[in-house]
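As structure tokens, the structure follows; a few thoughts come after it.
The values are calculated or read from the model by the stated rules, or taken from the named source; none is laboratory data. The shown structure was predicted, so the numbers you read here are calculated from the model rather than taken from an experiment. In this analysis, Cβ positions are derived from the backbone assuming ideal geometry, glycine residues included, and neighbour counts consider all displayed protein chains. The protein model used for the area step is the full one, side chains on, heavy atoms only, and it has no ligands, DNA or RNA in it. Shrake-Rupley method; radii C 1.70, N 1.55, O 1.52, S 1.80 Å.
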Amino acid sequence: MKFVIQSVSSHSSRLGCILDIERLPGAVFETPLLLLYTKGGCIPHLTHEVLQMVTKEPLCLQVPLSSTVHNQTAVAAYKKGIAEFIGLKEHLIYSTVQDPAMATPQGYNEKDFVSVWSRSGKQQINADKYMDVIESFQPDMYQALCDGDTNLNSSKKRVSKALDRSSKMFWRCLERHEKSEVLKKTALLAVLEGGYNLTSREASAKMLSSCDVAGFVIDGLHNNGPDVELLPFEKIKPAIQETVNHLPADKFRIAHGCWNPETVLDLVKEGIDIFDSSYPFLVSERGSALVFNFKGSSSIPHPVETSVKIEPDELRTDDGSNNPFNGTTATSIDVQDGKSKLRSGVIDLKYEISMREKVVATNTVAANTVAANTARIGEQDTRRVPWLKGMVSHKLNNDNQIALQTRVLPDCLLWQVSHNQRNQSGAVHPDIQSDEPKLGPVKCGDTGQENSRRF
């Protein structure tokens, strides 16, 4: 794997490309690059078929260990690597340790072990076990095991421990990597720790800058999860600059986290090349869509203020009851004074438009916020809502269930309408008859069998 710089601006931002990938000959990934976030090897809200509708070009997929470690035995027995195992062999696979979209619990790492939180609970992984997993997965590139449990509030002692432990883990991973026959075509990335201590940042960068690695991951700035988008760039900038100043120019740099769009632009200015897409994932999880409006084209675009003001009354249905989208789950949103309050932070809706505003609800609405907006609307409301992201279910009096599902994609909008029964005449239920153009065939089976229709 090779990284080639094409141009560098006066702000240290640069354009480049990653090429000469052993498993994907001919594939070229331009930087700044967006890693496509996955959970369990699957792209949230996108099936493989829909992904092919969006683009035919190879993408770079981020596969966190925390959501895939439970598959190690199956992948090892399969013997073809995780790219083949998840059916995405045409894309570049990048294995990481923690999930950037999920907050990593603090204080659980030990001297030789890093705690990874999978669906079965906490798993403690040392360097040798980690390399066993990597040899089973056979990704195109992966980061070394590290203790990144530091943030703005971490003490010097915690930063020092994280730096020492990560260094030992890196040297062990590098030793295993160089001896492994399976990983000869896989690129290893060094992980730079040090929290917000500039002396530790300098020491970490100088120690690893001369190592034979494909690139660097700047870690230890946060504990992942939604709170990352609230981090002010002024706090991050000194640690980023101190780290980048000691790194070779011919290696790419990655900064994981749910950075908001303005922070991403600022990080690009500081010379960061690769980011993950956990931020768009979290925006979708809280039932919103990203909206951008740029001015200027000759330089890095400056975002235009497009804040959405949501009045408290808009969170109520016509009978005065609370709107169901104002849920109480961990990712729920409370709106006050035009701000969207998530957990302990306040997020300005500069780049977001809440899809809740688009729902024309009736007094029979009852809903839940799960992965995207989910609602059950009475049969008297048969209006189409093509801009609603999520799932809308119409509950009929005869207990037939009609589910309308939409996925908002970069290049297409797919509606899928399904119901579990057809009426006695064998036709599709009248409530989903439409004059809209069809994009797919109507499939009607026997009573009780799922039927689908695409508009």
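What residues have an amide H closer than 5 Å to that of residue 252, excluding those fewer than 5 places away on the same chain, when H is modeled at 1.01 Å from N in the peptide plane?
Residues meeting the criterion, in which the H sits 1.01 Å from N, are 216.
Per the 1.4 Å probe, what fraction of the accessible area of region 2-286, in percent, lies on carbon and sulfur atoms? Walk me through the numbers before you get to the answer.
Working: 6020 of 11840 Å².
Solvent-exposed carbon and sulfur of region 2-286 make up 51 percent of the total.
Given H placed on each backbone N at 1.01 Å, which residues far from residue 277 in sequence or on other chains put an amide H within less than 5 Å of it?
So residue 277 has HN proximity to 35, 37.
About the Cα centre of region 2-286, how large is the charge dipole given +1 on each Lys and Arg Cβ and -1 on each Asp and Glu Cβ? Please answer in debye to the nearest 20. Spell out each step's value before the answer.
Numbers: 31 positive and 35 negative charges, 103 e Å.
Dipole of region 2-286, to the nearest 20 debye: 500 debye.
What is the diffusion coefficient of region 1-108 in µm²/s, taking the Kirkwood radius over Cα pairs and the Stokes-Einstein relation at 4 °C with a viscosity of 1.567 mPa s?
Translational diffusion coefficient: 83 µm²/s.
Rounded to the nearest 20 debye, what is the charge dipole size of region 1-53 about its Cα centre when +1 sits on each Lys and Arg Cβ and -1 on each Asp and Glu Cβ?
My answer is approximately 140 debye.
At a 10 angstrom cut-off on C-beta neighbours, averaged per residue, how do the peptides 269-280, 53-64 rank from highest to lowest?
Averaged packing, sorted descending, gives the order 269-280, 53-64.
Taking just the C-alpha trace of region 2-286, give me its Rg and Dmax in Å.
Over region 2-286's Cα set, Rg and Dmax evaluate to 17.5, 50 Å.
Using only protein heavy atoms and a 1.4 Å probe, report how much of residue 250 is accessible, in Å² to the nearest 10.
90
What's the ranking of 114-120, 20-26, 216-222, 165-171 by average number of surrounding C-beta atoms within 10 Å, highest first?
Numbers: 114-120: 17.6, 20-26: 13.7, 216-222: 26.1, 165-171: 21.1.
Top to bottom by mean Cβ count within 10 Å: 216-222, 165-171, 114-120, 20-26.
When DSSP beta bridges are limited to those with both residues in region 1-122, what percentage is antiparallel, rounded to the nearest 5?
65
If the only charges are +1 at each Lys and Arg Cβ and -1 at each Asp and Glu Cβ, what is the size of the charge dipole of region 1-121 around the Cα centre, to the nearest 20 debye? Could you put the intermediate results ahead of the total?
Details: 10 positive and 10 negative charges, 21 e Å.
Dipole magnitude for region 1-121 comes out near 100 debye.
For region 112-191, state which GluC sites (Glu not before Pro) are in a DSSP loop and have at most 15 other beta carbons lying within 10 Å of their beta carbon.
The qualifying sites are 181.
Please compute, for the alpha-carbon atoms of region 57-133, the extent along each of the three principal axes and give them in descending order in Å.
Taking max minus min along each principal axis of the Cα atoms, region 57-133 gives 40, 27, 20 Å.
Keeping all protein chains in place, calculate the accessible area per residue for region 2-286 (probe 1.4 angstrom), answer in Å².
Ligands and nucleic acids excluded, the result is 42 Å² per residue.
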